1. Given the options Ser231, Ser195, name the one that is farther than 30 Å from Arg332 by Cα and among the polar types (S, T, N, Q).
2. Assuming Thr98 fulfils every condition listed in (1) part of a helix (DSSP H, G or I); (2) of a type in the set (S, T, N, Q); (3) farther than 20 Å from Leu277 by Cα apart from one, which condition is it?
3. With the requirement that a residue be open to solvent by 20 Å² or more (accessible area, probe 1.4 Å), more than 25 Å from Gly181 (Cα to Cα) and among the aliphatic types (A, V, I, L, M), what does the stretch 193-232 give you?
4. So in the stretch 8-37, with the set limited to residues that are more than 25 Å from the chain's Cα centre (by Cα) and of a type in the set (Asp, Glu), which one is least open to solvent (accessible area, probe 1.4 Å)?
5. Need a quick list: helices (runs of 4 or more DSSP H) entirely within the stretch 174-273 having at least 1 residues that are free of Cβ contacts under 8 Å to residues at least 12 places away in the same chain.
6. So which residues in the stretch 291-317 are open to solvent by less than 60 Å² (accessible area, probe 1.4 Å), more than 17 Å from Gly365 (Cβ to Cβ) and in contact (Cβ under 8 Å) with a residue 12 or more places away in the chain, if there are any at all?
7. From the set of residues in the stretch 240-290 that are of a type in the set (S, T, N, Q) and surrounded by fewer than 23 Cβ atoms within 10 Å (Cβ to Cβ), which is farthest from Val84 (Cα to Cα)?
8. If we scan the stretch 317-327, do we find a residue that is under 28 Å from Leu40 (Cβ atoms), in contact with a Phe, Trp or Tyr (Cβ under 8 Å, 6 or more places away or on another chain) and assigned to a loop (DSSP other than H, G, I, E, B)?
Amino acid sequence: MSDLTVEVDPAEVGLDPDRLSRIGAHFERYVADGRLPGWLLTVRKGGALAYVARCGSRDLEADLPVTDDTLWRIYSMTKPLTSVAAMILYEEGKLALTDPVSSFIPSFADVRVYTGGSDLRPVTVPAIEPVRVWHLLTHTAGLTYGFHRVHPVDAMYRAAGFEWSSPAGMDLAQACDAWAGLPLLFQPGAEWNYSVATDVLGRVVEVASGQSLDEFFAARILGPLGMTQTSFWAGPDAAPRLAALYMPGPGGAAARLDALGGAALAPPDMLSGGGGLVSTAADYDRFTQLLLSRPGSPAGELDGVRLLSPRTVGYMTRNHLPGGSDLETFGRPLYAESPFRGVGFGLGFAVVLDPVPGKVICSAGEISWGGAASTAFWVDQDADLTVSFFTQLLPSSAYPIRPQLRQLVYQALVRWPALGASRDVDDVDGGGAFVDLVEDPDSR
């Protein structure tokens, strides 16, 4: 199903309808001035879809509007699904978080670490400990992306054919062997660097399960959750619904990017657990519900189908960076900026530790991530809230969509009932922590 129908009066779940309208009005201006081709937004509160807004085109040149069944390249919003896949296998005893990755991918047995030199003449030393499964889940393995363009090893990835894609004809197993042959940026576990680690994790899922990644996803996640529109490519029947991909062009207007966007129209050589899925807003909304614990519906379960135990989901959504560090202090210099202040990283998600340093209203414990084409989602356990935003503009850093979306959603949240209590804006400190809790008479 792809229909997105509002299921509850927003006021009944603590959202001010007039304030909600500010969200749509704000992002409509992005379409009006050409910065975005189109977008779709969902806000789910108290388990019910409370606000849906859509604007603009999925294909500007063909004059095709954004519709509920539009398919979006979710890129790195694939990573949480791959992380869930790994933890399903963890619960079955087929892998441990401390297992060396070389137990599943032998080429990782003898990785080396960059210590100096250029991309053409690097100086390396042996890794002092193995790359482990938990390093992949937390992006602390020492791997990187070619598109970062900040380190000599990034250049080595590009020279090997890894920037925004992988070399033609190379499958996931071959890609992992290629990455294992390139130096790590640092000793495993020593720092945080956003990377192909989740792609490597996808290969671990394949080896541990005995299934290809697309088969495992279909059988163990997408099928059980009813995410019938999500896959690694848009086939002939689905292709007309796939949004075109854009980038900022001259003067800021969105410019079509078919050279990269067209890859989603054919079966990929490499099944990318780090960024390969296309999905609909309705499908991804279902995935976010899996991660939220509500009265009568604990995390890890949706519509009576359980994928993970609540304890496992809770463990995934804790900060796993050593010493309780945030990304600003533990990450590479690339991440020493406000979106990463007060934000840690769990097993597949960013985790808000303290809402204050980043200067954007959110809740401690909130989990989130986004995709390269400016898509985003977050799950706020404290507010019983999930939000998803879909568009197709590369790169995600082009505009401050994500912080703006947060400030607009939270200004509309004037009351949120949780576990039979009502919480008013006067009771909060702006970061999701409550000074007072008032019993809700309607819950008696």
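The values are calculated or read from the model by the stated rules, or taken from the named source; none is laboratory data. Given the structure is predicted, the values throughout are model-derived calculations rather than measurements. Don't worry about glycine lacking a Cβ; one is built from the backbone with ideal geometry, like all the others, and counts go over all protein chains shown. Surface areas here come from the heavy atoms of the whole protein model, side chains and all, with no ligands, DNA or RNA. Shrake-Rupley method; radii C 1.70, N 1.55, O 1.52, S 1.80 Å.
1. The unique qualifying residue is Ser231.
2. All conditions pass for Thr98, except number (1).
3. Result: Ala218, Ala219.
4. Asp16
5. In the stretch 174-273, 213-217, 258-261 are the helices (runs of 4 or more DSSP H) which contain 1 or more residues that are free of Cβ contacts under 8 Å to residues at least 12 places away in the same chain.
6. Of everything in the stretch 291-317, those that are open to solvent by less than 60 Å² (accessible area, probe 1.4 Å), more than 17 Å from Gly365 (Cβ to Cβ) and in contact (Cβ under 8 Å) with a residue 12 or more places away in the chain turn out to be Ser297, Leu302, Val305, Leu307, Leu308, Ser309.
7. Among residues in the stretch 240-290 that are of a type in the set (S, T, N, Q) and surrounded by fewer than 23 Cβ atoms within 10 Å (Cβ to Cβ), the one farthest from Val84 (Cα to Cα) is Gln289.
8. Yes.
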